Amino acid sequence: MMALSQQLIVSKPERRLQKSGGLHLDIVVLSVINCVCGVFGAPWQCVATVRSVSHVAALTAMSTTHAPGDKPHVIYVAEQRVTGLVVSLLVGLSALAGGVLRLVPLSVLFGVFLYMGISALAGIQLWERTILMLKPPKHHPPVVYVRRVPTLRMHLYTAVQILVLIGLCAVKWSSIGLALPLCLLLTVPLRRALTPLFTPLQLRALDGAHPEKLDDEPDFYQEAPLPG
């Protein structure tokens, strides 16, 4: 489940990845490795979402020539596996550098992790919609989930996601932390329960569907009946 969540974050349509299908192969390999580890009693491998998002952001080339006031957009991503392999090797070699790493103050390490976590929030739709809850509608950017979804319904969807996130964190840090995978699975029927409140078009926009797939469909404001 966590691997799928990471894949959805990393392979967002806005990132314009051309080889995103390779992420599916990564999940298969990770599943096979975890099965082998389970047989021999070895620790399971887990995803590193913050590191992966920071890795993709570092390989992303943003536009430098855009209209004043427009946000920079992604031109391309240098998709390759060399840097990921080097990072993994360095992480493994860090086990041999314990004496040197002990000289680094913990405050420095926590600062690096905090910076990586905050910088990784950029581009996550949930974070962007949370910020929009604090802004008046006239200052909302013309992104697909703003154009396709009424403001109140967009805020309702965001509030539900925030409450679910708080609940998952509470379960993780409680004495029933082992039930976190089950709680993650319960988000599937919860998502299905929201279908009566939103149209399929609105849910696709809120789920991060590619804007090009939604441009051919009628806009919310075009569908709304005019008075009189």
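Values quoted throughout were computed directly from the atomic coordinates according to the rules given, and no laboratory measurement underlies them. These numbers come from a predicted model, not from an experiment. Neighbour counts are summed over all protein chains in view; Cβ atoms, including those assigned to glycine, are modelled from backbone coordinates with ideal geometry.
Please give the length that would be gained between residue 91 and residue 170 if that part of the chain were fully extended, namely 0.36 nm times their separation in residues minus their C-alpha to C-alpha distance (nm, one decimal).
25.5 nm
Working out 0.36 nm times the residue gap between residue 79 and residue 143, then minus their Cα-Cα distance, what length gain in nm do you get to one decimal?
The residue 79-residue 143 span can extend by a further 20.5 nm.
Which of 158, 83 has the fewest other C-beta atoms within 10 Å, and how do the rest follow up to the most?
Ascending Cβ contact count within 10 Å gives the list 83, 158.
Of all chymotrypsin sites (Phe, Trp or Tyr not before Pro) in the stretch 133-189, which ones are in loop regions per DSSP and have a Cβ with at most 14 other Cβ atoms within 10 Å?
Taking the stretch 133-189 and a limit of 14 other Cβ atoms within 10 Å, the loop chymotrypsin sites (Phe, Trp or Tyr not before Pro) found are 173.
Give me 153, 102 sorted ascending by neighbouring Cβ count inside 10 Å, so fewest comes first.
Sorted ascending by nearby Cβ count, the order is 102, 153.
If each Cα of the stretch 124-215 is one equal point scatterer, what is log10 of I(q)/I(0) from the Debye formula at q = 0.17, 0.20, 0.22 Å⁻¹?
The Cα Debye sum returns log10 ratios of -0.79, -0.99, -1.12.
Could you give P(r) for the stretch 58-123, binned at 10 Å from zero, as whole percent values over all Cα-Cα pairs?
All Cα pairs considered, the percentages come to 16, 29, 33, 17, 6, 0.
What does the charge count near residue 88 come to, summing +1 for each Lys or Arg and -1 for each Asp or Glu among other residues with Cβ under 15 Å from its Cβ?
+1
Taking the beta-carbon count within 10 Å as an exposure proxy, list 119, 107 from fewest neighbours to most.
With the sparsest Cβ surroundings first, the list reads 107, 119.
Write down, largest first, the equivalent ellipsoid semi-axes of the stretch 1-123 in whole Å, where each equals the square root of 5 times an eigenvalue of the alpha-carbon gyration tensor.
Taking √(5λ) for each eigenvalue gives 29, 22, 13 Å, largest first.
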